[in-house]
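Asker: Next up is a structure, given as structure tokens.
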Amino acid sequence: SQSASRLLVMIKDVYESGWIQTLKNGDTGVGYTLERRLGIEQNSSALPDFEGIEIKAKRSSLRKSTRSTLFAKVPDWDISHLKSSKEILSQYGYLSDEGYQKLYCTLSTIKSNSQGLSLEIDNLNNTLNEIHLANSVKTDVAKWKFSSLESKLLEKHKETFWVYADSQKKEAEYFRYSKV
């Protein structure tokens, strides 16, 4: 597409400018720095980043098992046991050092996390289920319909550029966006 061609030229220009100092420390710095260099403001939009194209950037030097967040999707509350994020936080959150309730965790279908939460695929009902497992007792937490996940994926990733950056550390981290 014309948009893809235009974006490819823009990323090539970023590459040709050489090593770029990160604008944000941590895991999100590689994508944030690229998007800012491309003139894209940081946002939490459900829509793609550039003219219908989602841009995902990551360090090329990381392990192959490094995960990328494709999109965020709240559960389908109408079919979920708990009916809001607030209820999930209240039930399974923990106290932060600052004294407030929080719940930062990764869910997997392979094993439960430290809060006892995991994901389970239900092919019979076409849902992805978040469950809690404690003392061999399984409790339903939240559910997503496959159809709503598929819609969200297609909305956000109809076309996606995966951009990889070489990374080096001097007084700060620097990126060179070397592969699309």
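Here, each number is a calculation from the coordinates, and none is a lab measurement. These numbers were taken from a predicted model, which means no experiment stands behind them. Counting neighbours? That spans all protein chains shown, and the Cβs are built from the backbone with ideal geometry, glycine included.
Asker: Based on the alpha-carbon gyration tensor of segment 129-180 and its eigenvalue square roots a ≥ b ≥ c, which shape applies: rounded if a/c is under 1.5, prolate if not and a/b is larger than b/c, or oblate?
Answerer: It comes out oblate by the Cα gyration axes.
Asker: Spelling out what I want: for every residue of segment 100-114, take phi, set θ = phi - 60°, compute 6.51 cos²θ - 1.76 cosθ + 1.60 (Karplus), and round to whole Hz; glycine and proline get x.
Answerer: 10, 6, 9, 8, 10, 7, 10, 10, 9, 8, 7, 8, 6, 8, 5
Asker: Another question about this same structure. About its Cα centre, how strong a charge dipole does the chain have in debye, to the nearest 20, once Lys and Arg get +1 and Asp and Glu get -1 at the Cβ?
Answerer: Computed charge dipole of the chain: roughly 500 debye.
Asker: Let me ask something additional. I need the phi-derived Karplus couplings for segment 68-76: 6.51 cos²θ - 1.76 cosθ + 1.60, θ = phi - 60°, integer Hz, Gly and Pro marked x.
Answerer: Residue by residue, segment 68-76 yields 10, 7, 7, 6, 10, 8, 5, x, 7 Hz.
Asker: Still on this structure: So what is the 222 nm mean residue ellipticity for the chain from helices alone, if each DSSP H run of at least 4 adds -39500 (n - 2.57) and you divide by all residues, rounding to the nearest 500 deg cm²/dmol?
Answerer: -7000 deg cm²/dmol
Asker: Taking segment 1-60 on its own, what percent of its Cα-Cα pair distances exceed 16 Å?
Answerer: 44
Asker: Explain nothing, just the number: relative contact order of segment 1-151, from Cα pairs under 8 Å at least 6 residues apart, as a whole percent.
Answerer: Relative contact order comes out at 15 percent.
Asker: If you don't mind, there's one more thing I want to ask. Please tell me which of these pairs span more than 25 angstrom C-alpha to C-alpha: K56/K152; K143/K179; K73/K169; K73/K138; K58/K143; K111/K158?
Answerer: Working: K56/K152 16 Å; K143/K179 36 Å; K73/K169 34 Å; K73/K138 23 Å; K58/K143 29 Å; K111/K158 30 Å.
Where the Cα-Cα span goes over 25 Å, the pairs concerned are K143/K179; K73/K169; K58/K143; K111/K158.
Asker: Figure the gain on full extension for N113 and D166 (residue separation times 0.36 nm, minus the Cα-Cα span) and round it to one decimal in nm.
Answerer: The N113-D166 span can extend by a further 16.0 nm.
Asker: Here's a follow-up. Once you list every other residue whose beta carbon is under 12 Å from the beta carbon of G93, what net charge do they have if Lys and Arg are +1 and Asp and Glu are -1? It would help to have the intermediate numbers written out before the result.
Answerer: Details: positive: K86, K102; negative: E87.
My count for the surroundings of G93 gives +1.
Asker: Would you compute the Debye intensity of segment 9-131 from its alpha-carbon atoms alone, equal scatterers and no solvent, and pass along log10 I(q)/I(0) at q = 0.12, 0.15, 0.22 Å⁻¹ to two decimals?
Answerer: The Cα Debye sum returns log10 ratios of -0.69, -0.97, -1.33.
Asker: May I ask you to list the GluC sites (Glu not before Pro) in segment 1-71 that are in a DSSP loop and have at most 14 other Cβ atoms within 10 Å of their Cβ?
Answerer: Hits after loop and neighbour filter: E41, E51.
Asker: Could you calculate the contour length gain from Q21 to L154, that is, 0.36 nm times the residue separation minus the distance between their Cα atoms, to one decimal place in nm? Can you show the working numbers first?
Answerer: Working: separation 133, 0.36 × 133 = 47.88 nm, distance 3.28 nm.
Full extension from Q21 to L154 adds 44.6 nm.
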